[in-house]
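So the structure is just underneath, and the comments pick up after that.
The values are calculated or read from the model by the stated rules, or taken from the named source; none is laboratory data. Since this is a predicted model, take the numbers as computed values, not measurements. Neighbour counts run over all protein chains shown; Cβ positions are idealised from the backbone, glycine included. Surface accessibility is based on the protein's heavy atoms, side chains included, excluding ligands, DNA and RNA. Shrake-Rupley method; radii C 1.70, N 1.55, O 1.52, S 1.80 Å.
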Amino acid sequence: MKTVHIVADLRAATRAWRAAGARIAFVPTMGNLHAGHVKLITEARARADKVVVSVFVNPLQFGPSEDFDKYPRTLAEDTAKLEAAGADLLFAPSVAEMYPAGREAQTTVTVPGLSDILDGEFRPGHFAGVATVVAKLFGQVQPDVALFGEKDYQQLLVIRRLVADLALPIEILGIPTVREPDGLAMSSRNQYLSPVERAQAASIYRVLGAAAEALRAGRAAAAVEAEGTQALRSAGFRPDYVAVRRAEDLGPPSPGAALIVLAAAWLGKARLIDNLKV
Ligand code: PAF
């Protein structure tokens, strides 16, 4: 696997592949790779001739009081994991390479509506940061297909919408969440949990499971949300939301529509998000 840090080198590598007719898959990450990322890379491998992975902790998607500074940066370990997973190219740019005009002074991409609800309400500007960096990475890598984890379900829908609205010729694939044996969704932020919190953390998955079960049994969405929120509180979380939405577009539940339950909640210093389709 080759590692490049500047866009010109990335373009040189991908141009040669494209000229040879290779199909290129892309997995954008913020690094600190775990089994969830490895699954994205394995799925990418199965769908393309070449796999490009980016590792970039994107300052644009962190709020002023969020964890940008302490977000784990583990490029040496990530490189070894990517080699083992069969990636062909690692793109690990600096902030200056990605935002040469400065992070404030550049074109931004916003996906209105979808970006303003649920996580967007609790993390203002987050999805504009995600959409901007992903649009930029798409322009740099020019992949045929890009893969994202379903754990960040709202992010996945924001990116699908961005690609549709900007008519980008990129197939977007959502890959099911990889979980720890007790059900906790894999996330780089799980390492912010103390051992005691880690033992409690899978409650979020159990609460979502109970909510999905209640909805299948015909219980009203509002009651399920209230009960889920209370169950998270009882398990020691500080919930931001438990929400029942249409899986297609995160709109309010409507008759016959496939549903998803989403939750975001703090446990100590970690903000965990998870979701379950009904
Ligand atoms: O999901 C992530 O790791 C990030 O939000 C992404 C998509 C790499 C953009 O920075």
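Put simply, of ALA214, ALA258, ALA235, ALA264 the only residue that is touching a strand residue (DSSP E or B) at 6+ places or on another chain (Cβ under 8 Å), aliphatic (A, V, I, L, M) and open to solvent by less than 30 Å² (accessible area, probe 1.4 Å) is ALA264. Determine, yes or no, whether ALA101 is surrounded by 14 or more Cβ atoms within 10 Å (Cβ to Cβ), away from the ligand (no atom under 15 Å from the Cβ) and small (Gly, Ala, Ser). Against the criterion (surrounded by 14 or more Cβ atoms within 10 Å (Cβ to Cβ), away from the ligand (no atom under 15 Å from the Cβ) and small (Gly, Ala, Ser)), ALA101 does not qualify. Hey, can you tell me all the residues within region 177-190 that are away from the ligand (no atom under 15 Å from the Cβ) and open to solvent by 20 Å² or more (accessible area, probe 1.4 Å)? Matches in region 177-190: ARG179, GLU180, PRO181, ASP182.
Looking at ALA164, is it assigned to a helix (DSSP H, G or I), open to solvent by 20 Å² or more (accessible area, probe 1.4 Å), within 30 Å of TRP266 (Cα to Cα) and not charged (D, E, K, R)? In short, no.
From the list VAL27, VAL52, which one is touching a helix residue (DSSP H, G or I) at 6+ places or on another chain (Cβ under 6 Å), over 29 Å from PHE122 (Cβ atoms) and touching a residue at least 60 places away in the same chain (Cβ under 8 Å)?
Values: VAL27 fails: over 29 Å from PHE122 (Cβ atoms).
Unique residue meeting the criteria: VAL52.
Among the residues of region 107-157, just one is more than 20 Å from GLY251 (Cβ to Cβ) and free of Cβ contacts under 8 Å to residues at least 24 places away in the same chain, namely GLY139. Flag not set for GLN140, criterion: assigned to a helix (DSSP H, G or I) and either touching a Gly at 6+ places or on another chain (Cβ under 7 Å) or open to solvent by 30 Å² or more (accessible area, probe 1.4 Å) (or both).
Against the list (1) basic (Lys, Arg); (2) within 13 Å of the ligand (Cβ to nearest atom); (3) out of contact with any strand residue (DSSP E or B) (no Cβ under 8 Å at 6 or more places or on another chain); (4) touching a residue at least 40 places away in the same chain (Cβ under 8 Å), the condition ARG161 fails is (2). Within the group LEU173, LEU156, which residue is touching a Phe, Trp or Tyr at 6+ places or on another chain (Cβ under 6 Å) and within 16 Å of the ligand (Cβ to nearest atom)? Step by step, each of LEU173, LEU156 is checked, and only LEU156 is touching a Phe, Trp or Tyr at 6+ places or on another chain (Cβ under 6 Å) and within 16 Å of the ligand (Cβ to nearest atom).
For ALA221, state whether it is open to solvent by 20 Å² or more (accessible area, probe 1.4 Å) and either touching a Phe, Trp or Tyr at 6+ places or on another chain (Cβ under 8 Å) or away from the ligand (no atom under 16 Å from the Cβ) (or both). Taking the combined requirement at face value, the residue satisfies it.
Considered as a group, the residues in region 51-88 that are within 16 Å of the ligand (Cβ to nearest atom) and touching a Leu at 6+ places or on another chain (Cβ under 7 Å) include one that is most open to solvent (accessible area, probe 1.4 Å), and that residue is LYS81. Summed over region 60-83, residues that are free of Cβ contacts under 8 Å to residues at least 24 places away in the same chain and either outside any loop (DSSP other than H, G, I, E, B) or of a type in the set (D, E, K, R) (or both) total 4.
Applying the condition of being over 23 Å from PHE26 (Cα atoms) and not aliphatic (A, V, I, L, M) to region 90-104 and asking which residue is modelled with the highest pLDDT yields GLY102.
The residues in region 33-50 that are open to solvent by less than 20 Å² (accessible area, probe 1.4 Å) and within 15 Å of the ligand (Cβ to nearest atom) can be counted, and the count is 5.
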